[in-house]
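Heads up, the thing below is written out as structure tokens.
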Amino acid sequence: MSFLDSLSLGFGLVAHWQSLAALFCGIVVGVFAGAIPGISATMAVALTLPFTFALPPIYGILLLLGVYKGGIFGGSIPAILIKTPGTPASSATVLDGYPMAEQGKAGKALGMALYASCTADLISNLALILFAGWLASFALSFGPPEFFTLILFSLTIIAGVSGASLLKGLISACLGLLLATVGLDLVYGTERFVFGDPNLMGGLNFIAVLIGLFAIPEIISFIWNPDDSHDKVRSLGQHHVTFAEYKRSFKTIVRGSLIGVFLGSIPGIGAAPSAFLSYSEARRNSPRKANFGKGEIEGVAAAEAGNNGVAGATLIPLLALGVPGDVITAIIIGAFMIHGLQPGPMMFMTNADIIYALFIGLMVSSVLLLLVGSVAIRLFRFIADIPRSLLFPSVLVLCVFGVYAVNNSVFDVVVMFLMGWLGYFMLRVRMPAAPFLIAFILGPLLEDNFRQAMLMSGGNFEILFRGPITWFFWTVSVISIVALVRNELRERRSRFAEEPA
């Protein structure tokens, strides 16, 4: 079958109203599921999977892809409005999205989140279509040493989200690394900080930590001092992003999208590290870097571009190699197999029409995401008009429900509240929560890949310098650290010069 024949058949599969309806319904379900704290995109896709069993293959897969893409964007809505990331991927959106909401610019932040998400999604889909084979083969060249140096470089972004005090940011990161070690050692299976409690053997639940760090401290703060925040009802404000603002952030969006494509094509990295790395690079290169963390619209654009850039790219190893790029695509590969399809190189020969139908459907999904997202913003914007005395109890119920629903575990709810008190303490002493979260995410990946590399080499550290990829990441890590130290010294000298004698 020729390329044009396969393309024509693929277009025919997508052109049916049932295909578009499946994609549309998936995006709607994903956006609303992502907007509920604790109901991650992964959980939404998993819950939708049984509904695809009776559907034709293309309809079922498009439904799941719609839920995936909608869920990634939907998490930004509560992140901006109530400082509660709907999904782990939207954690970085809180950093500037919520301050914008407090300034009465929630609508503008939501609008930029939507436009950045759709642009990044489109770029990611184009990368999948044009470079699937090459990027998949490149991703195969990553082993434990390459992963270790990549994650080491990613940890340098901690300084970029540490706020005014690098020391407090590093202390926060160390706390995150410490708590990330709780559970069973993946190499030898030994217990670490478990204290005989079987609930801790699997480590601390990421959703519980995430919601505890960001949402619960705001609720505690309100309960502690209700008079301080009673009148801080956040209006939607200007809800239109001007073309000038989008144009100003376009370079950041493209950069974040490419970061997402690169990290998404490497199995196992995920959207949250991509969002933080995109945010850090945007702050590093922006002339308004001092405004990041205080309500900078470019920061929202960077975070959303980073996490949505991953969405299409995770399908690259799935379609080209039959290897899932993350947890969500691992669920989607199950849908392929249920319908008798085996993703991989042979699928481009045996089921090319379905491959091209998916490509066309993914491009359509970017347009549908823009339409559904615009309506969702108008619906969810009313959250900003609810007095906090009514809003926070509702948020607390959603947080408890979302955390409990992940593993049906009361212990996870307890962890959420404990992390909430830790987050409240950090809020009072002005210690940033973002470095804690980054270290908590990347710490286990760093340790596991380092130890695997050492097992491969018999303890020889030379394996960490075994090829051009490792040398590249060592080089950019050193450059990044030197630049950070130089900027920190320059800012200290500037502050010292401004102080009165």
- Message: small (Gly, Ala, Ser) and modelled with pLDDT under 80: is that true of residue 235 in this structure?
- Response: yes
- Message: Step by step: first the residues of the range 293-343, then only those that are of a type in the set (A, V, I, L, M, F, W, C) and part of a loop (DSSP other than H, G, I, E, B), then the one that is most open to solvent (accessible area, probe 1.4 Å). Which residue is that?
- Response: 323
- Check residue 79 against each of (1) at pLDDT 90 or above; (2) within 14 Å of the chain's Cα centre (by Cα) and name the one condition it does not meet. (1)
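Condition check ((1) in contact with a Phe, Trp or Tyr (Cβ under 7 Å, 6 or more places away or on another chain); (2) at pLDDT 85 or above; (3) farther than 22 Å from residue 148 by Cα) across all residues:
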site: 264; (1), (2), (3): no, no, no
site: 269; (1), (2), (3): no, no, no
site: 284; (1), (2), (3): no, no, yes
site: 306; (1), (2), (3): yes, yes, no
site: 321; (1), (2), (3): no, no, yes
site: 324; (1), (2), (3): no, no, no
site: 345; (1), (2), (3): no, no, yes
site: 351; (1), (2), (3): no, no, yes
site: 355; (1), (2), (3): yes, no, yes
- Please find, among 361, 373, the residue that is open to solvent by less than 40 Å² (accessible area, probe 1.4 Å) and more than 21 Å from residue 265 (Cβ to Cβ). 373
- Task: Report, by residue number, each residue of the range 74-83 that is in contact with an Asp or Glu (Cβ under 8 Å, 6 or more places away or on another chain) and part of a loop (DSSP other than H, G, I, E, B).
- Result: 83
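Please work out if residue 59 is open to solvent by 20 Å² or more (accessible area, probe 1.4 Å) and in a helix (DSSP H, G or I).
Criteria met by residue 59.
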- Have a look at 113, 127, 136 and point out the one that is under 29 Å from residue 325 (Cβ atoms), at pLDDT 90 or above, surrounded by 15 or more Cβ atoms within 10 Å (Cβ to Cβ) and among the aliphatic types (A, V, I, L, M). 113
- Item | Within the range 349-358, considering residues that are touching a helix residue (DSSP H, G or I) at 6+ places or on another chain (Cβ under 6 Å) and either open to solvent by 30 Å² or more (accessible area, probe 1.4 Å) or among the basic types (Lys, Arg) (or both), the one farthest from residue 57 (Cα to Cα) | 356
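If we only count helices (runs of 4 or more DSSP H) wholly inside the range 395-500, which ones have 1 or more residues that are closer than 17 Å to residue 154 by Cβ?
434-457, 468-498
Does the range 42-51 hold any residues that are in contact with a Leu (Cβ under 9 Å, 6 or more places away or on another chain) and either crowded, with 24+ Cβ neighbours inside 10 Å or not in a helix (DSSP H, G or I) (or both), and which are they?
45
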- Query: Mind checking which residues of the range 162-182 are open to solvent by less than 40 Å² (accessible area, probe 1.4 Å) and modelled with pLDDT of 85 or more?
  - Reply: 172, 173, 176, 180, 181, 182
- Spot the failing condition for residue 92; the list is (1) crowded, with 22+ Cβ neighbours inside 10 Å; (2) of a type in the set (A, V, I, L, M, F, W, C); (3) in a helix (DSSP H, G or I), and only one is missed. (3)
- Of the residues in the range 65-96, how many are in contact with a Gly (Cβ under 8 Å, 6 or more places away or on another chain) and under 19 Å from residue 376 (Cα atoms)? 22
- Message: Restricting to the range 15-37, and then to whatever is under 7 Å from residue 70 (Cβ atoms) and of a type in the set (A, V, I, L, M, F, W, C), can you tell me which residue is most open to solvent (accessible area, probe 1.4 Å)?
- Response: 29
- Note on the structure: Taking the range 95-110 and keeping only residues that are more than 18 Å from the chain's Cα centre (by Cα), closer than 18 Å to residue 218 by Cα and crowded, with 24+ Cβ neighbours inside 10 Å, one is left with 100, 101, 106
- Hey, residue 120 hits all of (1) among the hydrophobic types (A, V, I, L, M, F, W, C); (2) touching a residue at least 24 places away in the same chain (Cβ under 8 Å); (3) over 22 Å from residue 246 (Cβ atoms); (4) in a helix (DSSP H, G or I) but one; which does it fall short on? (3)
- Message: Scan the range 457-464 and tell me whether some residue there is open to solvent by 10 Å² or more (accessible area, probe 1.4 Å), in contact with an Asp or Glu (Cβ under 9 Å, 6 or more places away or on another chain) and of a type outside the set (Val, Ile, Thr).
- Response: no
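Is it the case, given these coordinates, that residue 84 is of a type in the set (Ser, Thr, Tyr) and at pLDDT 90 or above?
Working: of a type in the set (Ser, Thr, Tyr): yes; at pLDDT 90 or above: no.
Criteria not met by residue 84.
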- Query: Can residue 97 be described as at positive phi and either part of a loop (DSSP other than H, G, I, E, B) or in contact (Cβ under 8 Å) with a residue 12 or more places away in the chain (or both)?
  - Reply: no
- Query: Listed residues 9, 13, 65; which is touching a residue at least 60 places away in the same chain (Cβ under 8 Å), touching an Asp or Glu at 6+ places or on another chain (Cβ under 6 Å) and not basic (Lys, Arg)?
  - Reply: 9
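The values are calculated or read from the model by the stated rules, or taken from the named source; none is laboratory data. On a predicted model such as this, the values are computed, not experimentally measured, just so you know. A quick note on method: Cβ atoms are made from the backbone with ideal geometry, for glycine too, and the neighbour counts reach across all protein chains shown. Ligands, DNA and RNA are stripped out before the accessible areas are found, and what is left, the full protein with its side chains, is counted by its heavy atoms. Shrake-Rupley method; radii C 1.70, N 1.55, O 1.52, S 1.80 Å.
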